[in-house]
Amino acid sequence: MRILIVGSGGREHAIAWKVAQSSKAEKIYCAPGNAGISEFAECVDIKAMEFEKLVSFAKEKKIDLTIVGMDDPLVGGIVDEFEKAGLRVFGPRKNAAILEGSKAFSKDLMKKYNIPTAAYENFDTPEEAIKYLETARYPIVLKADGLALGKGVLICNTKAEATEGVKTLMLDKQFGDAGNRIVIEEFMTGREVSVLSFVDGDTIRIMTSAQDHKRAKDGDKGLNTGGMGTFSPSPFYTEEVDEFCRKYIYQPTVDAMKAEGRPFKGIIFFGLMLTEKGPKVLEYNARFGDPEAQVVLPRMKNDIIDVFEACIDGKLNDIELEFEDNAAVCVVLASDGYPEHYDKGFEITGLEEFKDKDGYYVFHAGTKYDNGKIVTNGGRVLGVVAKGEDLKAARKNAYEAAKHISFANKYMRNDIGKAIDEA
Ligand code: AMP
Ligand code: GLY
């Protein structure tokens, strides 16, 4: 089969790598891709939001299956455009990707179908939101309704902070139109778990669990980022938690989307918080997590093309997912200054050492070729992934590997997986 992958991050590198493991993959293209992906896929200079160009490319190259990794094109309706052109594509249509595209929509859905989540209210004007803050309890959480690169969530300890927050989101429009509407919700505490799943409209198949580290600095300090590292599985995701989520969260979400006339085909990523009162949904995403995919996919035994096809054809019932009985840790190597200002264009060395080494993977995010050298080209540069027989071994291996890769202004968290010691 001829496959096209849309996106350019570490997640897309992990997807492309997994697709390349399949004997069914004859030729892989990636738009726009990165230096790592170009080792086994042909990278095409088309951006993920250039739907028309992507459709023309897919027709011209007789692509059999397109896989969309990123949220923006999914929420923007790329799948509808491909389907209109008669092309096979994996991902939710626009009317289903709204599960990630609008937090107000997803909160209303959960409320209507009794799916456990934090108590909330939606607001369309800053005046109403600020009035609500008068009688609210603190801390409280403000969320921009739309996509904001994972940064549109503000946790506010006081009324004054929250009032500033409402202004930032709704008046200053820090995240543009994403802040035209906001959700104000109850602050919850507990451990966070990421659970990814494949969905075919009716049936859902759950992947192994993972945990992300969203803050930039050690000890969960600093700004929110796309994710500074992950481990899989999460030792806090017990059988009891799994049973609860299957009954009250996973299938009910799929059924709710179907009942709303928005059948969901693709990946649903459940961002969960394990609270004292049981697991609750923090957020939904309509795609693989980044860097969750980097630790989940290397542990997956299935041929991923079979699973993608089963989702498209509504035949996921015929598939059982299988994962290795081991663990994986991903340490993100970033450019110092991320998620704010950082420099790029620095040569990366040490990549050869872990190439093709069993149990090690270096997934590229912000990299590119420059005069034959691989240089930094983004905030998150590489995801260094290692497997181990358990989480501690995987963590040791990942940090050992991370030491061997160098570039100017390299920055990483040193406590990815620290939570493992508390399990
Ligand atoms: P989200 O993009 O909605 O997952 O939010 C980003 C991060 O903000 C989450 O991973 C949590 O760490 C935090 N967060 C979001 N909602 C809440 C909440 N209701 N209570 C506490 N923390 C939250
Ligand atoms: N790592 C969190 C996300 O992909 O949204």
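Looking at the stretch 102-112, is at least one residue open to solvent by 60 Å² or more (accessible area, probe 1.4 Å), assigned to a loop (DSSP other than H, G, I, E, B) and not basic (Lys, Arg)?
First pass over the stretch 102-112, keeping only residues open to solvent by 60 Å² or more (accessible area, probe 1.4 Å): 108, 111-112.
Retained after the next criterion (residues that are assigned to a loop (DSSP other than H, G, I, E, B)): none.
No, the stretch 102-112 contains no residue that is open to solvent by 60 Å² or more (accessible area, probe 1.4 Å), assigned to a loop (DSSP other than H, G, I, E, B) and not basic (Lys, Arg).
Please state which one of GLY150, GLY176, GLY190 is closer than 30 Å to ILE268 by Cβ, away from ligand 1 (no atom under 12 Å from the Cβ) and out of contact with any helix residue (DSSP H, G or I) (no Cβ under 6 Å at 6 or more places or on another chain).
None of the others qualify; the one that does is GLY176.
Can you list residue pairs whose Cβ atoms sit under 7 Å apart, with the first residue in the stretch 19-36 being under 14 Å from LYS62 (Cβ atoms) and the second being part of a loop (DSSP other than H, G, I, E, B)? Count only pairs 6 or more apart in sequence or on different chains.
Correct list of pairs: GLU26/MET1; ILE28/PHE40; ILE28/ALA41; TYR29/ALA41; TYR29/VAL44; TYR29/LYS61.
Can ALA393 be described as out of contact with any Leu (no Cβ under 9 Å at 6 or more places or on another chain) and over 24 Å from GLY9 (Cβ atoms)?
Spelling it out, ALA393 is indeed out of contact with any Leu (no Cβ under 9 Å at 6 or more places or on another chain) and over 24 Å from GLY9 (Cβ atoms).
Mind telling me which of the residues GLY266, GLY314 ends up being under 26 Å from LEU87 (Cα atoms), away from ligand 1 (no atom under 13 Å from the Cβ) and touching a Pro at 6+ places or on another chain (Cβ under 7 Å)?
Just one listed residue meets the conditions, GLY266.
Determine whether ASP242 is more than 30 Å from ILE420 (Cα to Cα) and part of a helix (DSSP H, G or I).
no
The conditions are (1) crowded, with 18+ Cβ neighbours inside 10 Å; (2) near ligand 1 (Cβ under 10 Å from one of its atoms), and PRO139 fails exactly one of them. Which is it?
(1)
Tell me, please, whether a residue that is of a type in the set (Val, Ile, Thr) and under 21 Å from PHE323 (Cβ atoms) can be found in the stretch 413-422.
Checked the stretch 413-422: at least one residue is of a type in the set (Val, Ile, Thr) and under 21 Å from PHE323 (Cβ atoms).
If you scan the stretch 347-391, which residues turn out to be in contact with an Asp or Glu (Cβ under 6 Å, 6 or more places away or on another chain) and of a type in the set (A, V, I, L, M)?
VAL375
List the number of the failed condition for PRO235; all other conditions in (1) within 12 Å of ligand 2 (Cβ to nearest atom); (2) part of a loop (DSSP other than H, G, I, E, B); (3) open to solvent by 30 Å² or more (accessible area, probe 1.4 Å) hold.
All conditions pass for PRO235, except number (1).
Does at least one position in the stretch 164-178 carry a residue that is of a type outside the set (D, E, K, R), at pLDDT 95 or above, assigned to a strand (DSSP E or B) and open to solvent by less than 10 Å² (accessible area, probe 1.4 Å)?
no
Restricting the stretch 153-163 to residues that are open to solvent by less than 50 Å² (accessible area, probe 1.4 Å) and touching a helix residue (DSSP H, G or I) at 6+ places or on another chain (Cβ under 8 Å), which is farthest from ligand 1 (Cβ to nearest atom)?
Among those residues, the one meeting the criterion is THR163.
Can you name the number of the only condition in (1) within 13 Å of ligand 2 (Cβ to nearest atom); (2) open to solvent by 10 Å² or more (accessible area, probe 1.4 Å); (3) in contact with a Cys (Cβ under 6 Å, 6 or more places away or on another chain) that PRO291 fails?
(2)
So, in the stretch 52-77, exactly how many residues are part of a loop (DSSP other than H, G, I, E, B), closer than 19 Å to ARG2 by Cα and open to solvent by 30 Å² or more (accessible area, probe 1.4 Å)?
Residues that pass the stated criteria total 3.
Could you say whether any residue in the stretch 73-93 is free of Cβ contacts under 8 Å to residues at least 24 places away in the same chain, small (Gly, Ala, Ser) and within 30 Å of LYS53 (Cβ to Cβ)?
Yes, the stretch 73-93 has at least one match.
Specify the residue that is most open to solvent (accessible area, probe 1.4 Å); the eligible residues are those in the stretch 7-51 that are out of contact with any Gly (no Cβ under 6 Å at 6 or more places or on another chain) and assigned to a strand (DSSP E or B).
GLU42
For SER106, which of the numbered conditions (1) touching a residue at least 60 places away in the same chain (Cβ under 8 Å); (2) more than 14 Å from ligand 1 (Cβ to nearest atom) fails to hold?
Every listed condition holds for SER106 apart from (2).
Criterion first (of a type in the set (Phe, Trp, Tyr) and open to solvent by less than 70 Å² (accessible area, probe 1.4 Å)) does TYR369 satisfy it?
No, not satisfied.
The values are calculated or read from the model by the stated rules, or taken from the named source; none is laboratory data. The structure presented is a predicted model; accordingly, all values stated were derived computationally and were not measured. Every residue, glycine among them, receives a Cβ derived from its backbone with ideal geometry; neighbour counts consider all protein chains shown. We work out accessible area using only protein heavy atoms, side chains counted, and drop any ligands, DNA or RNA first. Shrake-Rupley method; radii C 1.70, N 1.55, O 1.52, S 1.80 Å.
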